[in-house]
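Notes follow the structure.
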Amino acid sequence: MMISLEFGSANIKIFDSKNGLIYYEPSMAIVKVNKRKATIVSFGKEAYDLCEQLEEDEKVIQPIKNGFIADFHMAKLLLDKVFDTIIGARKKRKALEVILCVPTCATAYQIDEFVKLLNGCGIFALSIKPQLNCVCKLLDDDISRPYLIVDIGAGKTEIGLTTTKNVIDAINLSLGGELINLSIQETIKEQYNIFISKNQIEHLKQSIGSLYSTDATTTKVVGQNLLDGTWNDYAVSSQDIYEAVIVCYDKIIEAIKVFIASLDAEYQEVIKRTGIFFSGLGCEITGFEKYVQSKLDLEVYILDTPATAVVEGALV
């Protein structure tokens with residue numbers, strides 16, 4: 001059995017060449033701490049749903065930050081649980097071949113940490129592929145043709161000129177969905193003087209986040225008043241969070257401009273002809289395509305399945 005794996009800051013995604021997407025859940029766990037020993041009590045979607053109802057001896061763990069391993073021990077515990085779910089006990093993993101999709105700008109040390117992580121979970125038939133190369137495979141089978149690809153994830157954004165085989169040049173920004181969420185949270189706090197949970201902030205971004213300045217879509221959230229501590233329903237509109245959202249996307253767009261300007265003239269001409277391709281959940285926000293095209297004066301293309309393009313492309 002061959003699978004591709006992306007262990008991201010926000011989600012773990014696993015794709016099987018025969019069955020398609022077989023796992024896509026938050027890269028999160030709730031652990032119970034007892035005598036310095038941490039035991040996972042829930043993980044994935046269940047942990048996400050329960051993360052605001054913790055017991056006193058429980059805490060939320062997200063072991064991947066900005067696309068890289070921040071807590072090796074907890075990353076191993078979590079990934080072991082995931083493999084138990086989709087494959088079974090360790091003896092069943094011996095025949096498993098895994099393509100591990102790593103950040104394109106990962107250092108040798110960071111890649112080695114990912115390899116040690118998979119080995120520690122009983123996976124030894126392992127190959128490594130940069131994420132932007134994986135996305136590129138969904139575009140073309142010509143190993144020499146370069147594409148400008150931007151992947152906007154939760155913890156990072158990757159910008160790179162790549163073929164299906166080689167990365168010509170790439171940069172990594174510590175800017176993605178999580179930073180956009182923090183920006184929204186601060187804006188809501190300033191405008192309404194309330195606190196809302198991380199889950200509700202994600203809901204706001206997905207349901208009413210927009211790059212249209214005239215968007216008037218609204219939704220309701222439950223927030224805690226920071227003055228008197230009471231909980232109430234609040235109506236929030238796209239306009240309320242527009243500035244918080246747009247400032248983050250403008251930073252990404254500015255980084256793309258700088259990256260293109262740094263390339264040789266021949267590559268800049270290629271990009272003018274072929275345009276720019278986007279993957280990652282971050283490009284699914286309302287108005288994304290038109291806004292980016294207006295700012296970059298390039299043809300903008302969003303992959304058919306942007307959220308899972310990396311793991312799908314890895315098996316092409």
Would you confirm whether any residue within the stretch 102-118 is touching a helix residue (DSSP H, G or I) at 6+ places or on another chain (Cβ under 9 Å) and closer than 19 Å to Asp16 by Cα?
-> yes
So which residues in the stretch 120-150 are part of a helix (DSSP H, G or I) and farther than 25 Å from Ile302 by Cα, if there are any at all?
-> Gly120
Checklist (1) out of contact with any helix residue (DSSP H, G or I) (no Cβ under 9 Å at 6 or more places or on another chain); (2) over 19 Å from Thr305 (Cα atoms) applied to Asp141, failing item = (2)
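Whether any residue in the stretch 248-257 is more than 30 Å from Ile168 (Cα to Cα) and either touching a residue at least 12 places away in the same chain (Cβ under 8 Å) or of a type outside the set (Phe, Trp, Tyr) (or both) is what I want to check.
Taking the stretch 248-257 as the starting set, the residues that turn out to be more than 30 Å from Ile168 (Cα to Cα) are none.
No, because not a single residue in the stretch 248-257 is more than 30 Å from Ile168 (Cα to Cα) and either touching a residue at least 12 places away in the same chain (Cβ under 8 Å) or of a type outside the set (Phe, Trp, Tyr) (or both).
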On the given criteria, is Glu158 touching a residue at least 24 places away in the same chain (Cβ under 8 Å), at negative phi and part of a strand (DSSP E or B)?
-> yes
Among Asp84, Asp151, Asp112, Asp80, which is surrounded by fewer than 20 Cβ atoms within 10 Å (Cβ to Cβ) and either touching a residue at least 12 places away in the same chain (Cβ under 8 Å) or of a type in the set (A, V, I, L, M) (or both)?
-> Asp80
Return the only residue of Leu303, Leu263, Leu211, Leu227 being of a type in the set (A, V, I, L, M) and modelled with pLDDT under 95.
-> Leu227
When you look at Ser262, is it hydroxyl-bearing (Ser, Thr, Tyr), more than 24 Å from Gly8 (Cα to Cα) and without any contact (Cβ under 8 Å) to a residue 24 or more places away in the chain, yes or no?
-> no
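Can you find, within the stretch 23-70, the residue that is farthest from Leu100 (Cα to Cα) among those that are among the β-branched types (Val, Ile, Thr) and exposed (fewer than 15 other Cβ atoms within 10 Å of the Cβ)?
Going through the stretch 23-70, the residues among the β-branched types (Val, Ile, Thr) turn out to be 30-31, 33, 39-41, 60-61, 64, 69.
If we keep only those that are exposed (fewer than 15 other Cβ atoms within 10 Å of the Cβ) too, we end up with 33, 39.
Working: Val33: 30, Thr39: 26 Å.
Checking each candidate, the answer is Val33.
Could you list all residues from the stretch 192-247 that are part of a strand (DSSP E or B) and either among the charged types (D, E, K, R) or at positive phi (or both)?
First, the residues of the stretch 192-247 that are part of a strand (DSSP E or B): 194-195, 210, 218-225, 231-237.
Hits for the stretch 192-247 are Lys220, Asp233.
Taking Tyr267, is it assigned to a helix (DSSP H, G or I), more than 22 Å from Leu179 (Cα to Cα) and of a type outside the set (A, V, I, L, M)? Break it down stepwise before answering.
Numbers: assigned to a helix (DSSP H, G or I): yes; more than 22 Å from Leu179 (Cα to Cα): yes; of a type outside the set (A, V, I, L, M): yes.
For Tyr267, the condition - assigned to a helix (DSSP H, G or I), more than 22 Å from Leu179 (Cα to Cα) and of a type outside the set (A, V, I, L, M) - is met.
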Going through the stretch 168-206 one residue at a time, which ones are farther than 22 Å from Thr157 by Cβ and either at pLDDT 95 or above or β-branched (Val, Ile, Thr) (or both)?
-> Ile188, Ile194, Ile196
Of (1) in a loop (DSSP other than H, G, I, E, B); (2) touching a helix residue (DSSP H, G or I) at 6+ places or on another chain (Cβ under 7 Å); (3) over 21 Å from Phe72 (Cβ atoms); (4) touching a residue at least 40 places away in the same chain (Cβ under 8 Å), Thr164 satisfies all except one. Which?
-> (4)
Looking at the stretch 6-21, which of the residues that are more than 18 Å from Leu126 (Cβ to Cβ) and not hydroxyl-bearing (Ser, Thr, Tyr) is surrounded by the most Cβ atoms within 10 Å (Cβ to Cβ)?
-> Asn11
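Here is a list: Thr157, Thr107, Thr85, Thr164. Which entry is among the hydroxyl-bearing types (Ser, Thr, Tyr) and under 18 Å from Phe43 (Cα atoms)? Write out each step before concluding.
Numbers: Thr157 fails: under 18 Å from Phe43 (Cα atoms); Thr107 fails: under 18 Å from Phe43 (Cα atoms); Thr164 fails: under 18 Å from Phe43 (Cα atoms).
It is Thr85.
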Identify the residue in the stretch 63-96 that is part of a loop (DSSP other than H, G, I, E, B) and modelled with pLDDT of 95 or more and, among all such residues, is nearest to the chain's Cα centre (by Cα).
-> Pro63
Can you tell me which residue in the stretch 280-316 is farthest from Val150 (Cα to Cα), limited to those that are surrounded by 19 or more Cβ atoms within 10 Å (Cβ to Cβ) and among the aromatic types (Phe, Trp, Tyr)?
-> Tyr291
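The values are calculated or read from the model by the stated rules, or taken from the named source; none is laboratory data. Values in this document were obtained by computation on a predicted structure and should not be read as measured data. Virtual Cβ from ideal backbone geometry, glycine too; neighbours counted across all protein chains shown.
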